[in-house]
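First up is the structure itself, then whatever we jot down about it.
The values are calculated or read from the model by the stated rules, or taken from the named source; none is laboratory data. Just so we're clear, the structure is a prediction, and the values are computed from it rather than from any experiment. Please note: Cβ atoms are built from the backbone with ideal geometry, for glycine as well, and neighbour counts cover all protein chains shown.
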Amino acid sequence: MRGEMVAVLDFEDTGSGDEAVDLARRHLIQPWPTAGAIGAEARGLIGEGDGIYITDGKGRRLIDGPAGMWCINVGHRREELARAMYDQAMQLSYNTPWYTMNEPSAMLAQRLAAHAPGDLSHVFYTTGGSTAVETALRFMQFYNNARGQPEKKLILSRGGAYHGSTYLSASLNGRPRDRDWMDGADGLVVKLTAPNPFRRPAGMSVEAFCDFLVDEFRDAVRGIGAEKIGAFIAEPVQASGGVIVPPENYLKRVRELCRANDLLFISDEVVTAFGRLGHVFASGDVFGIEPDMITFAKGVTSGYFPLGGLMVSERLLEDLRRSNHPDAMFAHGLTYSSHPVGCAVALKNLDLLEGGILDHARKIAPYFQARLKTLEELPLVGEVRGMGLMACVECVADRESNDPLQLDRQVGSRIDAHCHELGLLVRPLINMCVMSPPLIITKDEIDDMVTILREGISRTMEDLR
Ligand code: PLP
């Protein structure tokens, strides 16, 4: 069986969705295609969503394990969100953001600032996560130009990171495969070690690993020179790198190093914000840090509308206002910045989160983590890790060495394929499966999810035998 492709996810026989699948094969380029199938592949047709469930082209009802792409936080088919979009579109569907403004964008900015840590008082809205990260990086460049420090532009990023698919944001990415065939602004980026305790050197304690990461950071700044480095960017929990929860206090310690060396700390909360870790923002409420900037997207509208944004510290704005170049322009803006429909749906989404879903997410998270952890009983599973309502099941070929490399690289896809048959969508990442369901998931539904996942992994073990 080893090496044989798993059929289910080719969707050769997607059934009732045939016409759409055919059209897609002729006319659609899906994200992340491989050269051999580009423009001719059609991945799984999804017809409907409802609560934590989606229905595929064959009419099979599946638990939406990854909540789309970590984003359907309040669940599918929320009438309140649909109405908020309709009402706003009927009132004002668009305004030109650089010489007029609209009410929902201001009201949302005020509510986000109230949740943000420290003095992050202002928001710049974007169209999603990549544009939010791009905005943060360009803001850092502008800030240092206006402050008279044009040499201070390098960005520290980390292995395992994912920050987006625009040119500069993608240059920060550190996951395997992301950069194999793609160019990037390599001269602008320095990569540090992924803060992944599971992959720490053999024999090293987690505390010593944390010291190692902090020392590496300090040495990099010393070696390069703080006057050349503009920013450090980090997902508080690396999401698509495999739900990497950093060692305790790591974020606080590197935050201090940034402050001491005048580097801007950008917390990329595209995944971790809006309830995934039980709070609107995780940087302050979960990790006790006050970044200079926070990027967000996804859960801000629970995926119902493409919206993202950048929260910026009042201190940075003050520095700019006092700079010697009051006429310097931050020449950066998007046609859809501050979109009234996006901001209106985000306001309603925030009502839902504050109205009980954040509380529910905080209460149910320990159960979610504990139930998934039981999968470590299976010999194929090297580690189940996570935080809040995000988790990763990492498979290994050999539990002694935690070696993932000899493992069939389709193992995540195999588990996904079996789970699909059984009623669960999982997000496969080479040898890992990521789970991040809608935050409204109940204990019974978590039980269903884990039962299916256990069976999917067991069937995969049979395949690999
Ligand atoms: N940052 C993080 C942490 C992400 O996980 C993602 C997407 O998954 C992005 C940025 C890019 O967001 P988008 O796909 O909305 O451009």
- Item | Matching option when the condition is surrounded by fewer than 12 Cβ atoms within 10 Å (Cβ to Cβ), among the aliphatic types (A, V, I, L, M), closer than 30 Å to Met182 by Cβ and at pLDDT 80 or above, among Ala35, Ala7, Ala20 | Ala35
- Task: Could you please give the count of residues in region 299-321 that are among the hydrophobic types (A, V, I, L, M, F, W, C) and closer than 19 Å to Gln149 by Cα?
- Result: 3
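Would you call Gly299 touching a Lys or Arg at 6+ places or on another chain (Cβ under 7 Å), crowded, with 22+ Cβ neighbours inside 10 Å and in a helix (DSSP H, G or I)?
Numbers: touching a Lys or Arg at 6+ places or on another chain (Cβ under 7 Å): yes; crowded, with 22+ Cβ neighbours inside 10 Å: yes; in a helix (DSSP H, G or I): yes.
Here the answer is yes, as Gly299 does meet what is asked.
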- Message: Test of understanding: among Glu269, Glu290, Glu314, which residue is surrounded by 24 or more Cβ atoms within 10 Å (Cβ to Cβ) and among the acidic types (Asp, Glu)?
- Response: Glu269
- Which pairs have Cβ atoms under 7 Å, sit 6 or more apart or on different chains, and link a residue in region 413-425 that is closer than 14 Å to Arg454 by Cβ and of a type outside the set (D, E, K, R) to one that is part of a helix (DSSP H, G or I) and at pLDDT below 95? Ile415/Thr460; His418/Thr460
- Check off (1) within 25 Å of Asn95 (Cα to Cα); (2) within 16 Å of the ligand (Cβ to nearest atom); (3) of a type outside the set (D, E, K, R) for Pro291 and give me the number that stays unchecked. (1)
- Note on the structure: Among strands (runs of 3 or more DSSP E) entirely within region 355-465, at least 2 residues that are more than 20 Å from the chain's Cα centre (by Cα) occur in 381-387
- Query: Within the bounds of region 38-46, is there any residue that is more than 23 Å from Pro428 (Cβ to Cβ), out of contact with any Pro (no Cβ under 8 Å at 6 or more places or on another chain) and either of a type outside the set (S, T, N, Q) or surrounded by 15 or more Cβ atoms within 10 Å (Cβ to Cβ) (or both)?
  - Reply: no
- Of the residues in region 64-103, how many are at pLDDT 95 or above and closer than 20 Å to Gly129 by Cα? 10
- Tally of residues being more than 16 Å from the ligand (Cβ to nearest atom) and either over 18 Å from Ala109 (Cα atoms) or touching a Gly at 6+ places or on another chain (Cβ under 8 Å) (or both) across region 251-282: 14
- Query: Which residue pairs have Cβ atoms closer than 6 Å, lie 6 or more positions apart in sequence or on different chains, and pair a first residue in region 70-86 that is closer than 22 Å to Phe281 by Cβ with a second residue that is β-branched (Val, Ile, Thr) and in a helix (DSSP H, G or I)?
  - Reply: Val74/Ile357; Leu81/Val345; Ala84/Val345
- Failed item in (1) of a type outside the set (Gly, Ala, Ser); (2) more than 13 Å from the ligand (Cβ to nearest atom); (3) in a loop (DSSP other than H, G, I, E, B), with Leu156 passing the rest: (3)
- Filter region 182-201 for residues that are without any contact (Cβ under 8 Å) to a residue 40 or more places away in the chain and in a loop (DSSP other than H, G, I, E, B); the one that is farthest from Phe296 (Cα to Cα) is Pro201
